[in-house]
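All remarks here apply to the structure that follows.
The values are calculated or read from the model by the stated rules, or taken from the named source; none is laboratory data. Just so you know, these numbers come straight off a predicted model, no measurement behind them. Cβ placement follows ideal geometry from the backbone for every residue including glycine, while neighbour counts extend to all protein chains displayed. Side chains included, ligands, DNA and RNA excluded: accessible areas come from the protein's heavy atoms. Shrake-Rupley method; radii C 1.70, N 1.55, O 1.52, S 1.80 Å.
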Amino acid sequence: MKADIVFTDDRWEILPLEEVAKTSLALISDHILQKNIDFEIAILAGSDHDVIDLNKRFRGKSIATNILSWPEQEYKPARPGSFPDFASLLHGYQESHFLGNLALSFDRCASEATEKNICFEVHIMHLLIHGGLHLIGFKHDNELDALLMEDIEKKLLSRLGIKNPYELIDRQVKYYE
C-alpha cells in the first residue's frame, strides 16, 4: 500500500509518518483485503486549521477532528455489523487503485495523545488504521458497525504489539507494549 503524503505543518517532522503510514495501512491490505494489490492513499498531514477548513467545506462542520476520510468509492455492508462489499475493489483493478484521502490534524492528535498519556506514534497508527478502514467502507454509524470496526482495529493493532485502545480510553495509560 502506498501513501502519498502532503505536509502542511512542519511539526509532523517529529514522526517518520511515511513509515508509520506504510506499516499501519499494510495491515489493512494484508489482513482485511487479503490481497497484495498496489493500493494508494493520499494523506494530508496538517493542523487544526487545515482540518477545520476541510471539515467545513466537505461536511458542513466547523470543528477540528483527529482524522478525516474521503473514500474514492463507496463500499457498503449488506447489513449492520457485516463487512462492506469491497469485492469490486479486489477484482479488475489496473496497476494501482486509489482508495481515497485522509487528513490528520497535528494539534488534535498531539492533544489526544497527551490527554490519554499515550505514545504519539501509536496514536497515529491507530488513527491511520481507523481512517483506512473508512476508505474501504467500514463505519461506526450504529452499534453493530462500531463494534465490528473496533474489533478489527484491535486485532490489527495487536499485530503491532499495541494493546486495545478502547479498553484504555478512561484509564489514562499507555496502550503499547
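Here are a few things to note about the model shown:
- Applying the condition of being open to solvent by 20 Å² or more (accessible area, probe 1.4 Å) and touching an Asp or Glu at 6+ places or on another chain (Cβ under 8 Å) to segment 127-151 and asking which residue is modelled with the highest pLDDT yields His130.
- If the condition is being assigned to a helix (DSSP H, G or I) and under 17 Å from Gly100 (Cβ atoms), then segment 51-70 contributes Val51, Leu54, Asn55, Arg57, Phe58, Arg59.
- Considering Ser105, Ser82, the condition of being surrounded by 18 or more Cβ atoms within 10 Å (Cβ to Cβ) and of a type in the set (Ser, Thr, Tyr) is satisfied by Ser105 alone.
- Among the residues of segment 12-25, none qualifies, meaning not one is polar (S, T, N, Q), in contact (Cβ under 8 Å) with a residue 24 or more places away in the chain and touching a Lys or Arg at 6+ places or on another chain (Cβ under 8 Å).
- Boolean, Ser69 is within 22 Å of His140 (Cβ to Cβ) and open to solvent by 30 Å² or more (accessible area, probe 1.4 Å): yes
- Residue count for segment 152-163, restricted to those that are part of a helix (DSSP H, G or I), open to solvent by less than 60 Å² (accessible area, probe 1.4 Å) and not hydrophobic (A, V, I, L, M, F, W, C): 1
- Among the residues listed as Ile32, Ile43, the single one being closer than 17 Å to Met125 by Cβ and not in a strand (DSSP E or B): Ile32
- Some residue of segment 81-88 being part of a loop (DSSP other than H, G, I, E, B) and modelled with pLDDT of 95 or more: no
- Within segment 1-44, the residues that satisfy the criterion of being open to solvent by less than 70 Å² (accessible area, probe 1.4 Å) and among the acidic types (Asp, Glu) are Asp4, Asp9, Glu40.
- Segment 59-79, residues that are within 18 Å of the chain's Cα centre (by Cα) and more than 17 Å from Arg108 (Cβ to Cβ): Trp70, Pro71, Glu72, Gln73, Glu74, Tyr75, Lys76
- Breaking point among (1) in a helix (DSSP H, G or I); (2) open to solvent by less than 40 Å² (accessible area, probe 1.4 Å); (3) touching a strand residue (DSSP E or B) at 6+ places or on another chain (Cβ under 8 Å), for Ala113: (3)
- Some residue of segment 7-14 being at pLDDT 95 or above, touching a strand residue (DSSP E or B) at 6+ places or on another chain (Cβ under 8 Å) and in a loop (DSSP other than H, G, I, E, B): yes
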